[in-house]
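Working notes, structure below.
The values are calculated or read from the model by the stated rules, or taken from the named source; none is laboratory data. Fair warning: this is a prediction, and the values are worked out from it, not measured in the lab. Here the Cβ positions follow ideal geometry from the backbone for every residue, glycine too, while neighbour counts run over all protein chains shown. Ligands, DNA and RNA are stripped out before the accessible areas are found, and what is left, the full protein with its side chains, is counted by its heavy atoms. Shrake-Rupley method; radii C 1.70, N 1.55, O 1.52, S 1.80 Å.
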Amino acid sequence: MAKWRLATATLRRQLQSQSPTISAFKDPTKSLSAAAHHCSHSYSTAQTDDSRGKWLTLPPFSPTIDGTAVGKDLLSDGDSVKASTDNSKTTALRWILRCRPDLPRTLVQKLFRLRQVRREMCLSVDGDELLQRSQLKRVAAKESLNVGDRIYLPLSVDNDTPPTPPAKKESFQCSEEERKFVCSLVLYKDPAIIVLNKPHGLAVQGGSGIKTSIDELAATCLTFDKSESPRLVHRLDRDCSGLLVLARTQTAATVLHSIFREKTCGASAYGVKKNIKSLKRKYMALVIGCPRRQKGQISAPLRKVVVDDGKSDRITVNDNGELVSTQHAITEYKVIESSPHGYTWLELRPLTGRKHQLRVHCAEVLGTPILGDYKYGWQAHKAREPFVSSETTPTKPSSSPFGLDLDGGDVSSKQPHLHLHSKQIDLPNISQLLEKMQVSSDSGISDLDSLKFDAPLPSHMQLSFNLLKSRVETCEKN
């Protein structure tokens, strides 16, 4: 009883002085401190009466959202999303590495071996936060943490940590004009995602022979108020234009990866699992020729073949019945408008997300290759004659950022650009969902908003649309 009174008096004095000190763990009655009342999300130093001196305090443990499970729930038929927060999977070692990524893993493991890591457990006592802290105890690397537990490290870890390596040098320097150009591509931004209208000719990801990519540009120009760089969650071909979604956090990236992956896995040759909360994409393409039917669904598996003695590869429809290395691919198509000059505007809806899926399905299944697709429609382009119009006037090429060819390339050009554009995307509101899940781990999605994006056509496709439309109108008048 005397000890309890002493603890109460000590606690009262600490609250009055608002002292951030943490009492020694030798006396359990002094383990209640004002510092335990504050839930900081950055590590701090704490003075103790112990001979070991100061300690580094990590943020209280909070379970993270399982983005993969969330993505699966969004595409299921249920009305709720459950955050998978398996605390048993988060050990003291993993929490330290997550909170302090600057600390080498070997150093943290050494601290555990030397028994220099402490844990302050959060005990539920009538919901009173001030009475939920236990005394500091040694903790093993593989011990699981409970919600609210704190980890303490010796202050010497900062001295033992090797100097932070210099920041990764940019592979290129963006001028102010180039930064403005990249920022002008942003159609939408919230705490979870960024949506871009990618121009023709700009690669999404770096690689051999690629000097500039969206991945690098986003890290340089599109971080905004975030400390981490935006992450790619899906791909567009280099010559394809249109909507590209980037995730602004690791959790959002995991959720979106799962949505795109589950969308593909949920579609098969035997049916398509549709859900109002699922991902929906719509492309617009100008093809050479006209499909036999006005609309339909293409279900043709794809496989990769190596050509040119292994120097390159291409995707083709697997029509020999072999199941080795094949991927099912489904595309819905609809004719928007046909031109008497041998061109057709198509609306394409990919129900799966395979490499070059739309291009191969148009060229090999419909027999109408996309204009500007020389990889899968070379023969059609050899026989094609450039569209001639009295309205076409030669334009002087302008200087475009990053060497992009943003002029010409329309249907009247000898070498037109690829006429494939990611026009519309419907997505669940990931930012709203993650915000709700911070409050409740079992969140309803019946009232979850859907985000709908529409990207205007690039200049070469818009010009082609205008030229073909004007030619049709001229023919009708005559």
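Based on the Cα gyration tensor of segment 228-387, what are the three equivalent ellipsoid semi-axes, each the root of five times an eigenvalue, rounded to whole Å and given largest first? All intermediate terms of the calculation are to be shown ahead of the outcome.
On the way: eigenvalues 147, 72, 63 Å².
Ellipsoid half-lengths, sorted descending, are 27, 19, 18 Å.
Which FRET efficiency, nearest 0.05, do GLN438 and GLN379 yield, Cβ-Cβ r, R0 35 Å?
Working: r = 56 Å, r/R0 = 1.59.
In this case the efficiency is close to 0.05.
Assuming R0 = 56 Å, what is the FRET efficiency of ASN146 and SER208, from their Cβ-Cβ distance, to the nearest 0.05? Before the final figure, lay out the partial values.
Values: r = 48 Å, r/R0 = 0.86.
Efficiency for this residue pair is about 0.70.
Extension gain MET121-GLU228, at 0.36 nm per residue separation less the Cα-Cα distance, in nm?
Working: separation 107, 0.36 × 107 = 38.52 nm, distance 3.05 nm.
Here the answer is 35.5 nm.
Can you compute the FRET efficiency between LYS469 and THR326 using 1/(1 + (r/R0)^6), with r the Cβ-Cβ distance and R0 = 41 Å? Round to the nearest 0.05.
On the way: r = 40 Å, r/R0 = 0.97.
E between LYS469 and THR326, to the nearest 0.05, is 0.55.
In nm, to one decimal, how far is the modelled label at LEU404 from the one at VAL305, with both set 7 Å along Cα→Cβ?
Each label point is offset 7 Å from its Cα along the Cβ direction, giving 3.4 nm.
Sort segment 289-347 into rounded, prolate or oblate with this rule: let a ≥ b ≥ c be the square roots of the eigenvalues of the Cα gyration tensor; rounded if a/c is under 1.5, and if a/c is not under 1.5, prolate when a/b is larger than b/c, oblate otherwise. Please report the intermediate quantities before stating the final value.
On the way: a/c = 3.52, a/b = 1.79, b/c = 1.96.
In terms of gyration-tensor shape, oblate.
Give me the extension gain from ARG235 to LYS414: residue separation times 0.36 nm, minus the current Cα-Cα distance, reported in nm with one decimal.
Working: separation 179, 0.36 × 179 = 64.44 nm, distance 2.80 nm.
Gain in length upon complete extension: 61.6 nm.
Over the heavy atoms of MET461, what accessible area does a 1.4 Å probe trace out, to the nearest 10 Å²?
Counting only protein heavy atoms, the figure is 0 Å².
Can you sort GLU332, GLU143 by 1.4 Å-probe accessible area, starting with the largest? Provide the component values of the computation, followed by the final result.
Details: GLU332 50, GLU143 70 Å².
The residues order as GLU143, GLU332, largest area first.
How would TYR333, TYR374 rank on accessible area, largest to smallest, probe 1.4 Å?
Values: TYR333 20, TYR374 75 Å².
Ranked list, largest accessible area first: TYR374, TYR333.
Heavy-atom accessible area of ASP313 with all protein chains present, probe 1.4 Å, nearest 10 Å²?
Probe radius 1.4 Å; accessible area of ASP313 about 50 Å².
How long is the gain from GLU337 to CYS183 if the chain were fully straight, where each residue apart is worth 0.36 nm and the alpha carbon distance is subtracted?
Working: separation 154, 0.36 × 154 = 55.44 nm, distance 3.36 nm.
Length gained, GLU337 through CYS183: 52.1 nm.
Order SER208, SER241, most accessible first, counting only protein heavy atoms with a 1.4 angstrom probe. Write down the numbers at each step before the final one.
Values: SER208 125, SER241 0 Å².
So, going from the largest accessible area down, we get SER208, SER241.
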